[in-house]
Amino acid sequence: MFSAGALDEAPPAPGGALDLAYFALAALVFVLLMLPVSDIIWRAIPAMPVIQFPWRLLGPAAFCLAVLAGAATRWIRPLPATARAVGLAALVAVPLVLALPTLYSPPWDPDFGATTPQAYIEFELSGVALGTTAGGEFLPATVLTPPGPQTTLIESYAAASGIDKVNRATLPTGTRVDALEHGPTHDLFLVRSAEAFPLRLYTFAFPGWRAEIDNQPAEIEIAEPEGFIVVNVPAGAHEVRVFLGATSARSAGVALSALSGAALAAVAFTLARRPRQPAPRPDLLGLRAAAAVLAAGCLLVGLKAVADAQPGLVYHRSAPGEVQVAAQPHPQAFADNIELLAYDLPTRTARPGARLTVTLYWRAAGPVERNYQVFVHLTPLGAVTPAAQSDKLNPGDYPTTRWSPERYVRDTHEIALPPDLAPGQYIVSAGLYLLETGDRLVTADPDPDDKVVLPAFIEIAP
């Protein structure tokens with residue numbers, strides 16, 4: 001038997017309007033910062049690039065909206081009991097129904113392979129990512145040009161003798177460098193040399209890296225353009241140690257964490273000494289409110305069953321080699337089992353300084369051997385050099401070797417048009433290439449080409 005409570009009670013005293021206004025304003029700000037209209041804000045505020053990606057604000061926005069959604073029940077409390085139950089059912093059912101399409105996300109293979117150091121190296125060499133991310137955002141600012149694979153370092157990871165981070169090709173003749181210790185944040189070397197020389201290491205000079213020669217501080221130089229650590233070692237036999245030490249920012253963070261912990265302990269101690277009041281009995285849903293929530297849940301289950309039985313009502317299910325949602329079918333086979341199925345080009349006119357959206361629909365007709373990168377070029381009619389372009393490390397933000405033949409990949413590009421782009425007609429072309437070599441994937445035609453030209457002209461207005 002249900003007790004009276006919650007939505008079956010009398011309306012509470014007014015209050016909390018400022019709190020709700022705060023969360024509403026915060027949600028509005030977070031949502032606006034994720035939309036293209038906020039581009040001027042991202043460019044104007046120096047600290048904004050620290051966030052890196054606007055979609056990272058989705059979490060705070062969802063939290064604020066969740067608070068507002070929970071607070072929405074207060075607006076139905078003054079209604080009669082039956083109306084309150086109907087209102088509660090609507091508040092529960094509407095978000096669930098609107099979220100129904102998210103239950104049909106395409107299931108991709110979650111297995112990304114082993115997590116050994118050698119597997120990480122092979123993963124990076126495949127062209128999927130640079131370091132830990134696709135764009136190399138975590139490289140230090142001193143890396144002007146990301147270096148290519150270092151053969152000796154890669155081979156040392158597979159060898160049993162230990163990891164060798166020394167650039168041995170730059171050692172003077174007769175110089176010997178032995179690695180005594182290696183760890184994630186330190187290296188110790190024994191150096192013997194008849195002359196002074198710069199010891200070049202395959203270690204990025206992140207803030208905080210320091211060097212010691214025979215336990216005495218030594219200066220670190222940063223090699224350009226790779227951003228590697230360089231230590232100038234005098235002639236003779238020396239122990240050279242490089243290690244990651246503290247920085248002012250790290251020290252401030254440790255101090256702030258310690259102060260926060262002390263403050264939390266003080267608050268907990270103070271609260272523990274206060275006399276405890278009996279805990280109030282939690283409210284329970286009334287009979288009408290419980291029935292309303294149950295009805296909303298049954299509605300979702302029923303709609304899910306109907307959607308499963310009738311594809312197209314909530315989601316589209318395209319046959320292999322087809323894209324129901326694409327505006328323009330344009331099948332074109334490439335080598336290595338990759339096919340372009342269709343494309344979307346919402347507008348055929350644009351102005352200089354604007355953005356042109358092009359969506360490509362790809363498919364793997366079979367296993368794909370390599371991870372390819374994708375380009376979309378906007379080229380003046382009759383010219384060869386593109387005037388604007390868009391490149392991605394992974395088409396559709398998913399490595400091509402993991403594409404499923406049973407599904408297509410939606411690959412959207414935003415081409416930023418230069419402000420001084422000349423008016424006239426332009427063609428749109430797209431293709432795939434390998435990042436490590438720059439070689440393009442050719443079409444599977446009797447007369448192969450290294451790109452496909454979409455059959456649509458773009459008119460650039462003056």
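The values are calculated or read from the model by the stated rules, or taken from the named source; none is laboratory data. Only a predicted model underlies this, so the values are computations on that prediction, with no experimental measurement involved. Counting neighbours? That spans all protein chains shown, and the Cβs are built from the backbone with ideal geometry, glycine included.
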One residue from Gly261, Gly321, Gly253, Gly297 being on the phi > 0 side of the Ramachandran plot, out of contact with any Ser or Thr (no Cβ under 8 Å at 6 or more places or on another chain) and not aromatic (Phe, Trp, Tyr)
Gly321
Within segment 309-353, restricting to residues that are in a loop (DSSP other than H, G, I, E, B) and acidic (Asp, Glu), the one that is nearest to Leu103 (Cα to Cα) is Glu322
From Glu369, Glu406, Glu414, residue being surrounded by fewer than 14 Cβ atoms within 10 Å (Cβ to Cβ) and touching an Asp or Glu at 6+ places or on another chain (Cβ under 6 Å)
Glu369
Would you mind stating whether Leu356 is aliphatic (A, V, I, L, M), outside any loop (DSSP other than H, G, I, E, B), modelled with pLDDT of 80 or more and touching a Gly at 6+ places or on another chain (Cβ under 8 Å)?
no
Can you name the number of the only condition in (1) surrounded by 13 or more Cβ atoms within 10 Å (Cβ to Cβ); (2) assigned to a helix (DSSP H, G or I) that Ile40 fails?
(1)
Looking across segment 446-462 at residues that are out of contact with any Lys or Arg (no Cβ under 6 Å at 6 or more places or on another chain), without any contact (Cβ under 8 Å) to a residue 24 or more places away in the chain and among the charged types (D, E, K, R), the single one that is nearest to Arg370 (Cα to Cα) is Asp449
Report whether or not Ala342 is crowded, with 20+ Cβ neighbours inside 10 Å, not charged (D, E, K, R) and not assigned by TED's automatic domain parsing to the domain that holds Leu125.
yes
Yes/no for Pro462 being modelled with pLDDT under 95, farther than 26 Å from Pro346 by Cα and part of a loop (DSSP other than H, G, I, E, B)
no
Scan segment 13-47 residue by residue and report those that are more than 30 Å from Gly353 (Cα to Cα) and among the aromatic types (Phe, Trp, Tyr).
Tyr22, Phe23
If a residue has to be hydroxyl-bearing (Ser, Thr, Tyr) and closer than 20 Å to Glu226 by Cα to count, how many in segment 115-155 make the cut?
6
In segment 404-433, how many residues are among the hydrophobic types (A, V, I, L, M, F, W, C) and farther than 29 Å from Ala354 by Cα?
0
Residue count, segment 295-324, condition surrounded by 13 or more Cβ atoms within 10 Å (Cβ to Cβ), modelled with pLDDT of 80 or more and among the aliphatic types (A, V, I, L, M), comes to 7
Would you please name the residue that is surrounded by the most Cβ atoms within 10 Å (Cβ to Cβ), looking only at residues in segment 133-166 that are outside any loop (DSSP other than H, G, I, E, B) and among the hydroxyl-bearing types (Ser, Thr, Tyr)?
Ser156
